[in-house]
1. When the stretch B:16-33 is examined, which residues are found to be surrounded by fewer than 24 Cβ atoms within 10 Å (Cβ to Cβ) and either assigned to a loop (DSSP other than H, G, I, E, B) or within 7 Å of chain A (Cβ to nearest Cβ) (or both)?
2. Tally up the residues in the stretch A:1-46 that are of a type in the set (D, E, K, R) and on the phi > 0 side of the Ramachandran plot, please.
3. So, in the stretch B:124-157, how many residues would count as being surrounded by fewer than 20 Cβ atoms within 10 Å (Cβ to Cβ) and within 28 Å of A:ASP176 (Cβ to Cβ)?
4. For the stretch A:1-15, give me the residue count where each residue is surrounded by 22 or more Cβ atoms within 10 Å (Cβ to Cβ) and outside any loop (DSSP other than H, G, I, E, B).
5. Tell me, which residue of the stretch A:56-80 that is outside any helix (DSSP H, G or I) and within 13 Å of the chain's Cα centre (by Cα) is nearest to A:ASP107 (Cα to Cα)?
6. Just checking, does the stretch A:35-42 include any residue being aliphatic (A, V, I, L, M), under 17 Å from the mean Cα position of the chain (by Cα) and in a strand (DSSP E or B)?
7. For B:ARG102, are the conditions met, namely being among the basic types (Lys, Arg), facing chain A (nearest Cβ under 10 Å) and either surrounded by fewer than 22 Cβ atoms within 10 Å (Cβ to Cβ) or closer than 20 Å to B:SER21 by Cβ (or both)?
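The values are calculated or read from the model by the stated rules, or taken from the named source; none is laboratory data. Fair warning: this is a prediction, and the values are worked out from it, not measured in the lab. Positions of Cβ are generated from backbone atoms using ideal geometry, with glycine treated the same way; all protein chains shown enter the neighbour counts.
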There are 2 protein chains.
Amino acid sequence: MKQSLGAKTIVLPAPVFIVGSYDEQDHPNIMTAAWGGICGSDPPCLTVSIRPARLTYENIMRRRAYTVSIPSVSQAREADYAGLCSGRDGNKFEALGLTPVRSKLVDAPYVGEFPLTVECRLRQTVELGVHTLFIGEIMDVKVEDWAMNESGVIAVEKLRPLTFSPADGAYYGLGDFVGKAFSIGKK
Amino acid sequence: MKQSLGAKTIVLPAPVFIVGSYDEQDHPNIMTAAWGGICGSDPPCLTVSIRPARLTYENIMRRRAYTVSIPSVSQAREADYAGLCSGRDGNKFEALGLTPVRSKLVDAPYVGEFPLTVECRLRQTVELGVHTLFIGEIMDVKVEDWAMNESGVIAVEKLRPLTFSPADGAYYGLGDFVGKAFSIGKK
């Protein structure tokens, strides 16, 4: 039997996106966002939704670029901190001891220490009430050597991505391998 | 040291969305989609991207509604099957022994057996190359009693949502609780 929870923003899981951008003075900034995901295969595109009051909103609008870095579970405190305060009040990279790496492909920085990074060029925006949906074209995906296996594929069990649950406002790790897609349903 | 993987559709994790819709003859259909997520808080909105060739695309365009049901890890085979074949070739609910439940709020069915369901009214579409991005306003979220705790909050460790990894084309469970959001970064 199902219970109704009302018109809430709940799906499971949501990602933990650390959105990198440059401000007007070329200072690198990050913020944490959970509203986003892949939105198209060709061109490869990624959405992230951001409120207009955020510094990141201004930054992306000006530079037409952003990165999304994905932390491991061991980096949950850094990820949470980046969502608690504004880059207008101080440099979050410095506060967290993280390294801003300048992308060679888009006009935005990414987090050197986080294992997975997606570099996006802004393609389009859609106004959706309190949030603006940014649609970015993916220019590259970068991953740390230690999070790859011998065949050059990301090893999810090594990367250990952090995830967010809007249902209880908490972070969870990714769990066990269940099966291959486009395969286990054939039986 | 980071390696470049090229312009690929990789973030971790992606969701496993079982998209419910009605066809022209009022037959219920489901398909599996991993490109989507929450895209706004007020109004609460959810995206899902679908190729125009899919039956689900036609259905949503006609009925202006869809549901997203989220399976548990124990339902991975059913979820995968719904992405392997087309509703044009047969009723996937019947093939899988799943129950189509008619939503009272939107003109679409959801999967009775899957623990979490989001009912959406189509708000807007955005053309993005091979995919069309559907933006739906969330009208309700429904969850099974057994997946709630005593205080009326979803118990993620009971619900055990299935997730998808585009990095290796595989399904994973959700893992351990890591910490509360807007909290663990304060230390």
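1. Passing the criteria: B:ASP23, B:GLU24, B:GLN25, B:ASP26, B:HIS27.
2. Step one: list which residues in the stretch A:1-46 are of a type in the set (D, E, K, R), which gives A:2, A:8, A:23-24, A:26, A:42.
Adding the requirement that they be on the phi > 0 side of the Ramachandran plot leaves A:26.
Number satisfying all stated conditions: 1.
3. Qualifying residue count, the stretch B:124-157: 10.
4. The number of residues fulfilling the criteria is 2.
5. We begin by selecting, within the stretch A:56-80, every residue outside any helix (DSSP H, G or I); these are A:64-72.
Of the ones still in play, those that are also within 13 Å of the chain's Cα centre (by Cα) are A:66-72.
Details: A:TYR66: 7, A:THR67: 9, A:VAL68: 13, A:SER69: 15, A:ILE70: 18, A:PRO71: 21, A:SER72: 24 Å.
Across the stretch A:56-80, the extreme among qualifying residues is A:TYR66.
6. Going residue by residue through the stretch A:35-42, those that are aliphatic (A, V, I, L, M) are A:38.
Then keep just the ones that are under 17 Å from the mean Cα position of the chain (by Cα); that gives A:38.
If we keep only those that are in a strand (DSSP E or B) as well, we get A:38.
Checking the stretch A:35-42: at least one residue is aliphatic (A, V, I, L, M), under 17 Å from the mean Cα position of the chain (by Cα) and in a strand (DSSP E or B).
7. On the way: among the basic types (Lys, Arg): yes; facing chain A (nearest Cβ under 10 Å): no; either surrounded by fewer than 22 Cβ atoms within 10 Å (Cβ to Cβ) or closer than 20 Å to B:SER21 by Cβ (or both): yes.
Judged against the criteria, B:ARG102 is not a match.
To keep it simple, each residue is scored yes or no on (1) at positive phi; (2) assigned to a strand (DSSP E or B); (3) among the basic types (Lys, Arg); (4) within 7 Å of another protein chain (Cβ to nearest Cβ).
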{"residue": "A:ASP107", "(1), (2), (3), (4)": "no, no, no, no"}
{"residue": "A:TYR110", "(1), (2), (3), (4)": "no, yes, no, no"}
{"residue": "A:THR125", "(1), (2), (3), (4)": "no, yes, no, no"}
{"residue": "A:GLU137", "(1), (2), (3), (4)": "no, yes, no, no"}
{"residue": "A:GLU157", "(1), (2), (3), (4)": "no, no, no, no"}
{"residue": "A:THR163", "(1), (2), (3), (4)": "no, yes, no, yes"}
{"residue": "A:ASP168", "(1), (2), (3), (4)": "no, no, no, yes"}
{"residue": "A:GLY173", "(1), (2), (3), (4)": "no, yes, no, yes"}
